[in-house]
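Written below as structure tokens is the structure these notes are about.
The values are calculated or read from the model by the stated rules, or taken from the named source; none is laboratory data. Please read these numbers as outputs of a predicted model, since none were measured by experiment. Because the Cβ atoms are built from the backbone with ideal geometry, glycine has one as well, and the counts that use them run over all protein chains shown.
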Amino acid sequence: MALKQLYHGSKDYEKMVKLRYEIMRKPLGLSFTEDELNKEKDDILIGAFEEDEIIGCCLLTKVDANCTRLRQMAVQKNRQGMGIGESMMQFAENIARDRGFKKIVMHARETAIGFYERYGYKTKGDEFIEVNIPHRVMEKKL
């Protein structure tokens, strides 16, 4: 498995959008708007690949000089539980540290909270609804 940063608009980015759609949006009857995807131009885009096939991805969006937000973590369904998510988390955290961020925050789906807690993320505040499903804010100091 290779982990790498992707360029917005590249073929690998298109693969990333397709994976995120299949795993995160399609099951909820949602899609991406052009405006949503255009806002990702300044994000740090991360992909996990085997050969030319994308098997996982996530994004880091700058919140402020000290904080970045982890978003859209997705792993192919048939590859979940194989350490891909863990590898992407470590890769994303290292990039965030290298860029000078002191904290990572996220809006985690209720079903993913246990995964993030294993890597030191803590829940903050009350449950809220985003994309029609329950989420919690989580954060970790780097």
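Assuming Thr111 fulfils every condition listed in (1) of a type in the set (Val, Ile, Thr); (2) within 19 Å of His135 (Cβ to Cβ); (3) touching a strand residue (DSSP E or B) at 6+ places or on another chain (Cβ under 8 Å) apart from one, which condition is it?
(3)
Is it the case, given these coordinates, that Glu130 is touching a Pro at 6+ places or on another chain (Cβ under 6 Å), modelled with pLDDT under 95 and within 22 Å of Gly29 (Cβ to Cβ)?
Spelling it out, it is not the case that Glu130 is touching a Pro at 6+ places or on another chain (Cβ under 6 Å), modelled with pLDDT under 95 and within 22 Å of Gly29 (Cβ to Cβ).
Sort out which residues of segment 24-50 are of a type in the set (Asp, Glu) and either surrounded by 14 or more Cβ atoms within 10 Å (Cβ to Cβ) or farther than 16 Å from Gln5 by Cα (or both), and write them in order of number.
Glu34, Asp35, Glu36, Glu40, Asp43
Could you tell me whether segment 4-23 includes any residue that is part of a strand (DSSP E or B), modelled with pLDDT of 95 or more and buried (at least 19 other Cβ atoms within 10 Å of the Cβ)?
Yes: segment 4-23 contains one or more residues that are part of a strand (DSSP E or B), modelled with pLDDT of 95 or more and buried (at least 19 other Cβ atoms within 10 Å of the Cβ).
Please indicate, with yes or no, whether at least one residue in segment 71-92 is over 18 Å from Met1 (Cα atoms) and not acidic (Asp, Glu).
yes
Give, as residue ranges, the strands (runs of 3 or more DSSP E) completely inside segment 26-119 that count at least 2 residues that are of a type in the set (A, V, I, L, M), over 21 Å from Val137 (Cβ atoms) and in contact (Cβ under 8 Å) with a residue 40 or more places away in the chain.
Passing ranges, in order: 44-50, 53-64.
Just to be sure, is Glu110 surrounded by 11 or more Cβ atoms within 10 Å (Cβ to Cβ), touching a Pro at 6+ places or on another chain (Cβ under 9 Å) and not small (Gly, Ala, Ser)?
Considered against the rule, which asks whether it is surrounded by 11 or more Cβ atoms within 10 Å (Cβ to Cβ), touching a Pro at 6+ places or on another chain (Cβ under 9 Å) and not small (Gly, Ala, Ser), Glu110 comes out as yes.
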